[in-house]
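Peer 1: Sharing a structure with you now.
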Amino acid sequence: MQEIASNVFIEHNSLGLVAGIIRTEKGTVLIDSPVRQDEAGSWRGATARLVTGQPKYMIVLDTNYDRLLSVKGSDCVVVAHSDSISPIRTRLGSRTSTEEATPTQENYEQSVTGNRVLPPELNFDSNLTLYVDGLSIELEHHPGSNFAGIWAAIPERKVIFVGDTVLVDQPPFLAYSNPEIWEEDLKLLSSKKYKDYQIISSRSGVVTKDQIKLMAKHVSFIRKTFEKLRESNAPIEEWYKKIPAILERISELDLFNNELFYNRLHWGITTYYEQNCRERG
């Protein structure tokens, strides 16, 4: 666990999610949560060393599958965007062939057996501010990387959690994205408004301004690629052929042989196509 600002911590779990803890004397606020039950115990143990009692809030930053699974037995108030309510209530019971497949999907499914999906007790449309022990946690809807995506800013600590808006050395989750809005979100992160902020990616931890600019270039490439495919009314098979080009741009790492990342893009493109292009096909 890493303290990035006074009483603000982040921790990477084994499924690649960076979760946060905001510690106050009046209660703890979680930014997302570990998924696996065996990690949940260590997470609660780490939290208990920081503060006593149950967490006060758990902020769910979007509707990606790993976020929709919360630790069984959590008693805090779940906070999410209004658009997340339907996916949270239906996702586990309605897995289809378009769900993200990974090399470890079977083990992953077994690992979350017994966990429960929690519909949010507190939801909002545009913005919401939580006040906890003198800290303001400002939540804003930013639907670029995910239609129910939110950012959580703590102005007093100059920290902002931006979910999957920025990813480093890995492809994005495209299924519920809007690349046009995504580009605008990234421009905002690079603006003077967040000049002195630590910006926290949910997959990569603290990210730099240069990494944000590089992410903007990746999203711009994806937007232009998708626009051409949509304008030509290309079948889904043509969309899949673009996966190697996207992987090549994202990182110098050997991602071509990385089944997890290939499957992430395949699933994301399939879902994006079904939502945005199937009616035109």
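Derivation of every value follows stated rules applied to the coordinates shown; laboratory data play no part. These numbers were taken from a predicted model, which means no experiment stands behind them. Cβ coordinates were reconstructed from backbone atoms using ideal geometry, including for glycine residues, and neighbour counts include every protein chain displayed.
Peer 1: Is there a pair in 26/158; 187/224; 56/209 whose C-alpha atoms are over 24 Å apart, and which pairs would that be? The partial results should precede the final answer.
Peer 2: Values: 26/158 20 Å; 187/224 17 Å; 56/209 32 Å.
Check vs 24 Å cut-off fails for 56/209.
Peer 1: Read phi for every residue in region 258-270 and hand back ³J(HN,Hα) as whole Hz from Karplus 6.51 cos²θ - 1.76 cosθ + 1.60, θ = phi - 60°, with x for Gly and Pro.
Peer 2: Each residue of region 258-270 in turn: 8, 5, 4, 6, 4, 5, 4, 5, 4, 5, x, 5, 4 Hz.
Peer 1: 5 Å is the cut-off here: which amide hydrogens, built 1.01 Å from N in the peptide plane, fall below it relative to residue 78, excluding neighbours closer than 5 in sequence?
Peer 2: Here 58, 121, 122 satisfy the definition.
Peer 1: What's the ranking of 264-277, 126-139 by average number of surrounding C-beta atoms within 10 Å, highest first?
Peer 2: Values: 264-277: 19.1, 126-139: 14.9.
Going from most to least packed, we get 264-277, 126-139.
Peer 1: Whose amide H sits under 5 Å from the amide H of residue 132, counting only residues 5 or more places off or on another chain, with H placed in the peptide plane?
Peer 2: Placed amide hydrogens put 137 under 5 Å from residue 132.
Peer 1: On to the next question. In terms of modelled amide H atoms, which long-range or inter-chain residues lie less than 5 Å from the amide H of residue 63?
Peer 2: For residue 63, the qualifying residues are 148.
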